[in-house]
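> This is the structure I want to talk about, given as structure tokens.
The values are calculated or read from the model by the stated rules, or taken from the named source; none is laboratory data. From a predicted model like this one, the values you see are computed outputs, not experimental measurements. Positions of Cβ are backbone-derived with ideal geometry, glycine not excepted, and every protein chain shown enters the neighbour counts.
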Amino acid sequence: MRRAPRIAEVATDEVTYVLGLGSLAAQPNPLQLAGPAAAIWSLIDGERSESDIVEVLLAELEAAEGAPTADELTAHVHAFVDQMVELGLAVR
Amino acid sequence: MTSQPVQISTAPLPFAVGVELAHALACAVAEDVGARALVIKGPSAAHHGLREPRISADADVWVEPARFDDVVAALGALGWESRPTTETGRLITTHSVTLWNQQWPCDIDLHSRYPGMLAPGAAAFDALWSRREALEQAGLDVPIPDLGGAVMISALHSLRSRSQDPRHERELDRLLGVTVPSLDALTRSAILSLAGELGALDTARPFLEELGIELPAPTVPGVDPELDHWRAFVRGDGTPTTHLLAIVVKAPWRDKPRLLWSAIWPSYDDYVVAHPGAPTSRDAVTRLRLARLGKGVRHLPNAVRGRIASMRGETDRRMVDGE
């Protein structure tokens with residue numbers, strides 16, 4: 001899984017702002033990714049698969065209170081990636 | 001991360017982020033319609049050290065004139081609309097269009113030419129494009145003018161609008177006090193050559209004279225109406241009165257009364273466009289019209305000085321001389 005070409009991106013401490021310049025018809029305004037969305041987005045690097053991303057996040061969240069289960073996390077990552085693909089921001 | 005589904009925020013876009021993304025957006029949209037576009041002023045000037053890095057007020061992008069309308073239309077399809085302007089505003093600003101979008105915090109100022117560059121728009125654009133460099137904006141490369149091009153844009157910008165913004169005066173000071181002394185002979189010569197291609201040898205003359213290179217003789221008045229207009233405008237402190245006086249003088253006789261009247265006593269529609277959110281009662285509009293008239297009269301002597309300087313073929317040097 002990788003990011004689509006021509007992604008304009010500005011990252012601040014809290015939020016990552018993303019604009020797909022190759023898919024402006026689908027999403028003409030920047031998306032604001034914060035927290036989990038920013039974490040998943042940062043792991044879409046053209047090398048990791050969705051299950052790799054789930055593994056990385058599970059390892060990071062291992063001890064966190066209220067952390068999602070593996071199944072929940074898999075569903076969240078899948079849903080988020082679906083959304084990114086639909087908006088032309090990521091390619092499976 | 002919690003067990004809640006991942007949410008994408010729809011909070012308002014911060015201004016600085018919006019400006020950076022808007023530069024990338026405008027260049028990408030231009031590229032998509034096959035148009036060349038250059039990011040000018042803000043990030044380009046900061047990149048070349050011509051001003052301190054700071055958040056730009058908008059995204060300034062110069063599009064090759066032949067494809068300008070295509071880029072405006074393509075941005076329009078993405079929700080970017082021309083900002084409403086007054087009749088006098090349309091007469092004064094002919095080099096660019098300001099686009100706004102409800103979803104974005106900043107405007108995109110799309111240029112089809114640059115004030116003070118009197119060569120045909122396409123020739124001036126080509127001259128800068130042939131010397132372009134790349135600058136990263138929002139993680140992507142956008143084209144910007146090279147140092148010489150950025151210097152010319154900055155110099156003309158400051159010379160044209162000295163009285164409108166003290167920042168422009170500071171930027172010219174920096175250009176003359178920091179940038180010019182650091183330029184080697186080859187770069188100075190390249191800037192002069194570029195000024196010739198841009199048709200800016202006369203308009204930027206007060207700055208070019210500081211390069212310490214011999215310049216061609218100034219163009220005499222009456223040869224180029226645009227140069228006459230520039231001289232009058234700059235010497236007249238760039239006020240709307242100066243601009244409008246020049247426009248009225250230049251207009252055909254049949255249009256003069258209407259132009260003069262719309263300048264002196266703007267229509268109600270123009271008032272609303274020029275003062276969004278201001279009171280719109282009859283009294284309020286009349287008070288503002290009278291205030292505007294008073295301001296216009298106060299600026300008239302400068303406008304007349306500008307006309308005289310223009311008729312003499314003089315280009316205002318006061319800013320360079322620190323007056």
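> Among the residues of segment B:157-178, which ones are farther than 23 Å from B:Val19 by Cα and either modelled with pLDDT of 95 or more or of a type in the set (Gly, Ala, Ser) (or both)? Let's see the steps before the verdict.
Going residue by residue through segment B:157-178, those that are farther than 23 Å from B:Val19 by Cα are B:159-160, B:162-163, B:169, B:172-178.
Matches in segment B:157-178: B:Ser163, B:Gly177.
> Continuing with this model, one more query. Quick check: anything in segment B:154-167 more than 23 Å from B:Pro65 (Cα to Cα) and hydrophobic (A, V, I, L, M, F, W, C)?
yes
> Within segment A:71-86, how many residues turn out to be more than 12 Å from the chain's Cα centre (by Cα) and surrounded by 14 or more Cβ atoms within 10 Å (Cβ to Cβ)?
Just the residues of segment A:71-86 that are more than 12 Å from the chain's Cα centre (by Cα), to begin with: A:71-75, A:86.
The next check asks that each one be surrounded by 14 or more Cβ atoms within 10 Å (Cβ to Cβ); those that pass are A:72-75.
Residues flagged as more than 12 Å from the chain's Cα centre (by Cα) and surrounded by 14 or more Cβ atoms within 10 Å (Cβ to Cβ) within segment A:71-86 amount to 4.
> So, of the residues in segment A:1-10 that are part of a strand (DSSP E or B) and in contact with a Leu (Cβ under 9 Å, 6 or more places away or on another chain), which turns out to be farthest from the other protein chains (Cβ to nearest Cβ)? Talk me through it step by step, then tell me what you get.
Just the residues of segment A:1-10 that are part of a strand (DSSP E or B), to begin with: A:2-3, A:7-10.
Checking the rest, the ones that are also in contact with a Leu (Cβ under 9 Å, 6 or more places away or on another chain) come to A:3, A:7-10.
Working: A:Arg3: 10, A:Ile7: 7, A:Ala8: 4, A:Glu9: 5, A:Val10: 5 Å.
Looking at the filtered set, the residue picked out is A:Arg3.
> How many residues does segment A:35-73 hold that are closer than 19 Å to A:Ala90 by Cα and either aromatic (Phe, Trp, Tyr) or at pLDDT below 90 (or both)?
3
> For segment B:224-264, how many residues meet the condition of being buried (at least 19 other Cβ atoms within 10 Å of the Cβ) and acidic (Asp, Glu)?
2
Listed here are the residues, each with its yes/no results for (1) among the polar types (S, T, N, Q); (2) part of a helix (DSSP H, G or I); (3) in contact with a helix residue (DSSP H, G or I) (Cβ under 8 Å, 6 or more places away or on another chain); (4) surrounded by fewer than 24 Cβ atoms within 10 Å (Cβ to Cβ).
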| residue | (1), (2), (3), (4) |
| --- | --- |
| B:Ala16 | no, yes, no, yes |
| B:Gly34 | no, no, yes, yes |
| B:Ala45 | no, yes, yes, no |
| B:Gly49 | no, no, yes, yes |
| B:Pro53 | no, no, yes, yes |
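> Which is closer than 28 Å to B:Leu175 by Cβ and assigned to a helix (DSSP H, G or I), of B:Val273, B:Val234, B:Val248?
Every option except B:Val234 fails the conditions.
> Still on this model: Among the residues of segment A:22-33, are any surrounded by fewer than 20 Cβ atoms within 10 Å (Cβ to Cβ), without any contact (Cβ under 8 Å) to a residue 24 or more places away in the chain, facing chain B (nearest Cβ under 10 Å) and hydrophobic (A, V, I, L, M, F, W, C)?
yes
> Looking only at segment A:11-21, filter to residues that are assigned to a loop (DSSP other than H, G, I, E, B) and either within 16 Å of B:Glu31 (Cβ to Cβ) or β-branched (Val, Ile, Thr) (or both); which one of those is farthest from the other protein chains (Cβ to nearest Cβ)?
A:Thr12
> May I ask you to verify whether B:Arg307 is closer than 23 Å to B:Pro225 by Cβ and buried (at least 18 other Cβ atoms within 10 Å of the Cβ)?
Yes; evaluated as a whole, the condition is true for this residue.
> Failed condition for B:Ile153, given (1) touching a residue at least 12 places away in the same chain (Cβ under 8 Å); (2) farther than 16 Å from B:Trp230 by Cβ, with all others met?
(2)
> When the residues of segment B:103-115 are filtered to those that are within 14 Å of chain A (Cβ to nearest Cβ) and in a loop (DSSP other than H, G, I, E, B), which remaining residue is farthest from B:Ile40 (Cα to Cα)?
Across segment B:103-115, the extreme among qualifying residues is B:Gln103.
> Now for a separate question. Against the conditions (1) in contact (Cβ under 8 Å) with a residue 40 or more places away in the chain; (2) closer than 30 Å to B:Ala16 by Cβ, where does B:Pro166 fall short? Just the number, please.
So the condition that B:Pro166 fails would be (1).
> What's the number of the only condition in (1) within 23 Å of B:Cys27 (Cβ to Cβ); (2) at the interface with chain B (Cβ under 7 Å from one of its Cβ atoms); (3) in contact (Cβ under 8 Å) with a residue 12 or more places away in the chain; (4) not charged (D, E, K, R) that A:Leu57 fails to meet?
In the conditions (1) within 23 Å of B:Cys27 (Cβ to Cβ); (2) at the interface with chain B (Cβ under 7 Å from one of its Cβ atoms); (3) in contact (Cβ under 8 Å) with a residue 12 or more places away in the chain; (4) not charged (D, E, K, R), A:Leu57 misses (1) alone.
> Conditions first: (1) facing chain B (nearest Cβ under 8 Å); (2) over 28 Å from B:Gln102 (Cβ atoms); (3) in a helix (DSSP H, G or I). A:His78 passes all but one, so which condition is the exception?
A:His78 satisfies all of (1) facing chain B (nearest Cβ under 8 Å); (2) over 28 Å from B:Gln102 (Cβ atoms); (3) in a helix (DSSP H, G or I) except (1).
> What are the pairs with Cβ atoms under 6 angstrom where one residue, in segment B:81-102, is in a loop (DSSP other than H, G, I, E, B) and the other, located anywhere, is of a type in the set (A, V, I, L, M, F, W, C)? Sequence gap at least six, or different chains.
Here the result reads B:Arg83/B:Trp100; B:Pro84/B:Val273; B:Thr86/B:Val273; B:Thr86/B:Ala274; B:Asn101/B:Trp80, each pair linking segment B:81-102 to a residue that is of a type in the set (A, V, I, L, M, F, W, C).
> Same structure, new question: So, in segment A:34-52, exactly how many residues are surrounded by fewer than 21 Cβ atoms within 10 Å (Cβ to Cβ), within 10 Å of chain B (Cβ to nearest Cβ) and of a type outside the set (A, V, I, L, M, F, W, C)?
1
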